[in-house]
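Notes to accompany the following structure.
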Amino acid sequence: MRVVAAAVCGLLVAVGMVAVAAPAQASGPLNDHAAAHGKFIGNAVDNYELADSAYPPVIASEFGQLTPANAMKWDATEPNRGQFNYARGDEIVNLARQNGQTVRGHTLVWHNQTPSWVQNLSAAELRTALVNHITNVVGHYEGQLYAWDVVNEALNEDGTLRNSFWLQKLGEGYIADAFRAARAADPDVKLYINDYNTDGTGAKSDGMYRLVQSLQAAGVPIDGVGFQSHLAVQYGFPTNMRQNLQRFADLGLDVAITELDVRMQLPTSSAKLTTQANYFRDVTLACLAVARCVGVTMWGYTDKYSWVPDTFPGEGAALVADANFQRKPAYTAMHDALAGGSTPDTTPPTTPGTPVASGVTATTVVLSWSAATDSGGSGLAGYTVSSASGAVLGQSSTTSVTLTGLTPSTQYSVSVRARDGAGNLSTASGSVSFTTLAGSSSSCRVAYSAENWGGGGGFTAGVTITNTGAAAVNGWTLGFSFPSSQRVTTPGWSATWSQNGAAVTATNLSWNGTIAPNASVSIGFNGTYSGTNTAPSVFTVNGGTCG
Ligand code: XIL
C-alpha cells in the first residue's frame, strides 16, 4: 500500500507542475488550513446544541476556537445581584480544553441580555455592579480564555455612542472603566471591543475608529477590535473590508472577525447561495490579507442552529452547512480560500465616468455614467452613488440609477464609485450638481407609526396617506427615506414596496389607486432595524412633499 501511495503521490507532483494547485489537502478541516496561515477558524456554540450527537464531532474537527453564544452573557453569569453562575460557561471552556481549542469570552458589558436588576440600579450602584461583575467573571476565567469581548455594540449606526442605559447613567466613561476592570482581573487575556456594521468603511466604522483612538490616547488597556460581520446577501458586501481591518490593525491592535454569518431572504436559491459563498470567501480573504487579523469566528456552523430566523423574520440559511449538516457552497468557498486556491483581490476597479443627471423632480433624479472596469479577478460588482458629504444615496449594478427620496428645492452634488466583488472601491468620479424641484406641499398628509417587536430587530409599520387636496388622486407613489438602517421586508401589504439604499417607495395596487378628497388609504410593511428605529420625517406623494 505504501508503494502505491508513493507512486500516486509522485504522479500528483508531476501533474502539479502544469496544473494550478495540488488537491492533496482539499478535504482538510477549515481550522487546519487556517492554522497554516497562523490564524484560526472559530464557532459560536450554545450549550443545548451539544445534546445533538451529530454536532460535537464537527465542532471538534473543524474549529480551533469556540465562543459561548449565550453562556457568558450577564443574564447567564449573574442573574441575581452577587449570585454568579458559571455552569454553562464552564461547559464550553471544558469542551474547548478537551478539543485543544481557545475560547473567546462573550460578553461583559452589553445593553442586551442584561438582567433588569442591573438596569434599575442608580448610577453609583451601577458603576459598582459593573466593576464587581467584571472582577468576578473575568477572575473566574483567568488564564483560561484567549480573549474577552469587554464591551459589545456600544455604537449607533452614525458612529455616535449608543444611548444605552450604560451611557445614560454612567456617561462614556463606562467603556474605559470596563476595560480597566477586566485588565485588573486578568493581565494576559486579550481585551476587545466588538460591534456589527463596522466591517466595511463608513460612518459607524469611523465612529469605532475614533472611539478606539480616544481609548488608546487615555491609556485604556484595549488589545483588539472585533468585527461581528453579520452580513446579508441583499445588502451587499461591506465596502473596503480589507482596508478597514488594516486601518484598525495599523493602530497597533489585533482584529478579528467574531460572528460571521450571511443571511438571505428565504427561500434560498442557487444565486443567493453563490453570493453567500462569495461573501464567506471574501471575508476569509480579507482576514488572510491583514497580518493582525487573528481569525474568523462564525456564529454557528449549521443552519439547524442559527439566531437568524428568530431575529430576522423570513430570513435564514446564514451558515456554511445546511440543517442536515450538509456543507453548502459557502463551506467550499471558505475552505478553498484558506487552502490557497485563490489570492486576495486588492486591485480596485477603474474610476467610472462623471454621472449625467436627467429627469429631475422634487424628490428623484436619473443618473447615468460610463462604466468602470476591473482587473483584480473578483469582477465588477456595482456602483455606489454618494453625496458630497459621503452619504450613500443609491446603489446600482448597472451604469444608471434613479435616486429617490431626495429633499425638494435642494442642491445636490453627487459622484459615483465602482465596487468589485471583494469590496474594493474605485476613486470617486467627477461630480454632477443638480437642484431638485420645489414640491407641492399641501395636498397630502401621511401618518407613520412603527411598533418594534419584543427582542429587537423587527418591527411592523402602518402608514396612512390622506388626500387633503380638493381633487381625487388617481394613482400614487409614496416616498420616504429611513433615517437609520431600517429595511422593508418585502412584499409588505396594500402597496408595491421597494427600497433602494435608504429610500423607500410604495406604489398603489389596482384596488386602492384612487384617493377621493379627504379620504385615506392605509398600507404597511414588516421591517428590520438595528440601533434605534427612528421614524422617517419627510414623506412625498407623487413627488410632492406632504404637510
Ligand atoms: C445572539 C444569540 O445567538 C441568540 O441565541 C440570542 O437569543 C441573542 O443573541 N450579536 C451578538 C451576539 O453580539 O451576542 C448575538 O447572539 C448575535 C448578535
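Taking the Cα centre of each part, how many Å lie between the stretch 74-139 and the stretch 354-392? Spelled out, the Cα-based centre of one part sits 47 Å from the other.
Per the Cα gyration tensor, the stretch 237-370 maps to an equivalent ellipsoid with semi-axes of 30, 24, 15 Å, ordered largest to smallest. Positive end of the dipole of the stretch 335-486 (Cβ unit charges, origin at the Cα centre): among ASN474, SER396, PRO348, the Cα lying farthest that way belongs to ASN474. Within the straight-line cut-off of under 20 Å between alpha carbons, the aspartates and glutamates reachable from LYS39 are GLU62, ASP149, ASP188, ASP199, ASP223, ASP250, ASP254, GLU259, ASP261, ASP282, ASP336, ASP345, sequence neighbours fewer than 8 places apart in one chain being disregarded. Extension gain for the segment ALA535 to ALA60, taken as residue separation times 0.36 nm less the Cα-Cα distance, is 166.4 nm to one decimal.
Using 0.36 nm times the number of residues separating SER375 and LEU50, minus their current alpha carbon distance, what extension gain do you get? Each step should come with its number before you reach the end.
Working: separation 325, 0.36 × 325 = 117.00 nm, distance 4.56 nm.
Residue separation times 0.36 nm, minus the Cα-Cα distance, leaves 112.4 nm.
Applied to the stretch 494-508, the Karplus parametrisation 6.51 cos²θ - 1.76 cosθ + 1.60 on θ = phi - 60° returns per-residue 3J(HN,Hα) values of 6, 6, 8, 9, 8, 9, 9, x, 8, 7, 10, 10, 9, 10, 4 Hz, with x for Gly and Pro.
Can you tell me the FRET efficiency between ALA447 and SER368 if r is taken as the Cβ-Cβ distance and R0 is 25 Å, rounded to the nearest 0.05? Walk me through the numbers on the way to the answer.
Numbers: r = 36 Å, r/R0 = 1.45.
After rounding, the FRET efficiency stands at 0.10.
In this simple spin-label model, placing a label point 7 Å from the Cα along the Cα-to-Cβ direction at both SER413 and ARG162 gives a separation of 3.6 nm. Distant-in-sequence amide contacts of MET298, defined by a placed amide H-H separation under 5 Å and a gap of 5 or more residues or a different chain, comprise GLY42, ASN43, ALA44, LEU260. Which shape class, rounded, prolate or oblate, goes with the stretch 453-536 when its Cα gyration tensor gives a ≥ b ≥ c as root eigenvalues, a/c under 1.5 marks rounded, and past that a/b bigger than b/c marks prolate? Prolate, since a/c reaches 1.5 and a/b exceeds b/c. For THR460, neighbours were defined as the other residues whose beta-carbon sits under 15 Å from its Cβ, and their charges (Lys and Arg +1, Asp and Glu -1) total 0. Scalar couplings 3J(HN,Hα) for the stretch 297-306, obtained by applying the Karplus form with A = 6.51, B = -1.76, C = 1.60 to θ = phi - 60°, are 9, 9, 8, x, 10, 10, 4, 5, 10, 8 Hz; x denotes Gly and Pro. With R₀ set to 51 Å, the beta-carbon distance separating SER270 from HIS111 gives a calculated FRET efficiency near 0.85. When you filter the GluC sites (Glu not before Pro) in the stretch 82-143 for DSSP loop state and at most 13 other Cβ atoms inside 10 Å of their Cβ, you are left with GLU142. For GLY421, nonlocal amide neighbours, meaning residues 5 or more places apart or on other chains whose placed amide H falls under 5 Å from its own, are SER378, GLY379, ALA381.
Using a probe radius of 1.4 angstrom, the carbon and sulfur fraction of the accessible surface of the stretch 211-357 is 51%.
Rounded to the nearest 0.05, what FRET efficiency do GLN119 and PHE325 have when you use their Cβ-Cβ distance and R0 = 30 Å? Calculated value: 0.15. Using the 1.4 Å probe convention, the accessible area of the chain works out to 40 Å² per residue with neighbouring protein chains retained.
Each of ASP90 and THR354 was given a label point 7 Å from its Cα along the Cα-to-Cβ line. The distance between the two points is 7.0 nm.
Evaluate the Kirkwood expression for the hydrodynamic radius of the chain, namely the inverse of the mean inverse distance over all pairs of different C-alpha atoms, and round to one decimal in Å. Walk me through the intermediate numbers first.
Details: mean 1/r = 0.0394 Å⁻¹.
The answer is 25.4 Å.
Could you run the Karplus curve 6.51 cos²θ - 1.76 cosθ + 1.60 with θ = phi - 60° over the stretch 482-488 and give me ³J(HN,Hα) per residue in whole Hz, x for Gly and Pro? In residue order, the calculated couplings are 6, x, 10, 8, 5, 9, 6 Hz.
State which entries of LYS73/LYS169; LYS73/LYS190; LYS190/LYS328; LYS204/LYS328; LYS169/LYS204; LYS73/LYS328 exceed 27 angstrom in Cα-Cα distance in the structure shown. Working shown, then result.
Numbers: LYS73/LYS169 20 Å; LYS73/LYS190 17 Å; LYS190/LYS328 33 Å; LYS204/LYS328 31 Å; LYS169/LYS204 23 Å; LYS73/LYS328 30 Å.
Violating the 27 Å Cα-Cα cut-off are LYS190/LYS328; LYS204/LYS328; LYS73/LYS328.
The values are calculated or read from the model by the stated rules, or taken from the named source; none is laboratory data. Only a predicted model underlies this, so the values are computations on that prediction, with no experimental measurement involved. Using ideal geometry, Cβ is built from the backbone for each residue, glycine included, and neighbour counts are taken over all protein chains shown. Please note that ligands, DNA and RNA were not included when accessible areas were found on the heavy atoms of the full protein model with its side chains. Shrake-Rupley method; radii C 1.70, N 1.55, O 1.52, S 1.80 Å.
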